[in-house]
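Enquirer: Let me begin by handing over the structure; questions about it come next.
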Amino acid sequence: MATPLLAEFLELSNLSREDLEDLLTDPVYFQAIFHSIDRVKELYTSQAELGLANETIAKNNIALQQHLYNLRSETKDAFDEAKRLEARWKELEKEQRDVYQRYTPQFLLMRLKHSITAQDDASEALASAFVKQATSGNTSSGTGSPAPNNEIDDFVKEFKELRKTYHKRVMWAEKWGKGDVMWRED
């Protein structure tokens, strides 16, 4: 009756019991028999073929190594440049938002309201200064008499221009409040 070992390795089935015992005790004899088995020969042949294939792949990889290093370096440089440009883009977007902020309808309305107040303050300051000058007697003639006609004419002309600008701005603000002013966003 054949043992499972002999059934699997037919090359051992023609060995005598003493030869099999020698196989277990003599490493050189074991190696000689082991390397003569067809399955082992096929295994070594496959292993040698795989080794050659691996060696060929390794040689190809080594041949491509410098090219890959160059590509890696170029890719890193391109990535770094892209990051730099992305940061610059963000800076430019912020600058653009800051510039556009000054031209938004809300900001322009706020500026108009401030300019109305400033214009009113300027015209009132001019009138107050003129009245103060006239009541204190500090006219250009120095006589304490009422201001000459040319000073009055100059005051009226300047005051009229200031008030005209003030009222125009008030009218624009009123139109804006009624929705009659439309700001284009282009």
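Enquirer: When the helices in the chain are scored as -39500 (n - 2.57) per DSSP H run of 4 or longer and the sum is shared across all residues, what 222 nm value do you end up with, to the nearest 500 deg cm²/dmol?
Expert: Values: 6 runs with 148 residues, N = 186.
After summing the helix terms and dividing by the residues of the chain, the value is -28000 deg cm²/dmol.
Enquirer: At R0 = 30 Å, how high is the FRET efficiency between Leu50 and Lys83 if r is their beta carbon distance? Nearest 0.05 is fine.
Expert: It comes to 0.10.
Enquirer: Taking every Cα atom in the chain, find the radius of gyration and the maximum pairwise distance Dmax, and write them in Å.
Expert: Reported Rg and Dmax, both Å: 51.7, 153.
Enquirer: Can you give the convex hull volume of the alpha carbon atoms of the range 102-178 per residue, in Å³?
Expert: Roughly 89 Å³ of hull volume per residue.
Enquirer: How much length, in nm to one decimal, is gained on full extension between Asp121 and Glu158, taken as 0.36 nm per residue of separation minus their Cα-Cα distance?
Expert: Here the answer is 11.9 nm.
Enquirer: Let me know the shape class of the range 13-99, please: from the alpha-carbon gyration tensor, a ≥ b ≥ c as square roots of the eigenvalues, rounded when a/c is under 1.5, otherwise prolate if a/b is greater than b/c, or oblate.
Expert: Prolate, because a/c is 1.5 or more and a/b exceeds b/c.
Enquirer: If you don't mind, there's one more thing I want to ask. Please report, for the Cα atoms of the range 1-55, the Rg to one decimal and the Dmax as a whole number; what are they, in angstrom?
Expert: 14.0, 46
Each value in this text was obtained by applying a stated rule to the coordinates, not by laboratory testing. Predicted model only: the values in this text are computed from it and were never measured. So basically every Cβ, Gly included, is an ideal-geometry build from the backbone, and we count neighbours across all protein chains shown.
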